[in-house]
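Written below as structure tokens is the structure these notes are about.
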Amino acid sequence: MDRKISILRTKKPCPICKKQSQQKYHPFCSKRCANIDLNRWLSGAYIIRAPENEEEKEG
Ligand SMILES: [Zn+2]
């Protein structure tokens, strides 16, 4: 029973720098880290969406 409480109380660290995350920038510790993650996500999305393999398109 106590375990649930401890899980809820545990704050996740910033996924970028592992510092304690701030509620304002959740789940990151700062706007800087949030932007870093956003840029990573965007660059990854660009790679996936790059229309280089249009020839393989089926339908
Ligand atoms: Zn951070």
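Things to note:
- Fewest neighbouring Cβ atoms within 10 Å first, the residues S43, S30 line up as S43, S30.
- Using a simple spin-label model with pseudo-atoms 7 Å out from Cα toward Cβ, R32 and A45 lie 2.4 nm apart.
- Segment Y25-K12, extension gain: residue separation times 0.36 nm, minus the distance between their alpha carbons: 3.5 nm
Read-outs throughout are calculated quantities, based only on the coordinates presented, and are distinct from any laboratory measurement. Predicted model only: the values in this text are computed from it and were never measured. With ideal geometry, Cβ positions are generated from the backbone for all residues, glycine too; neighbour counts draw on all protein chains shown.
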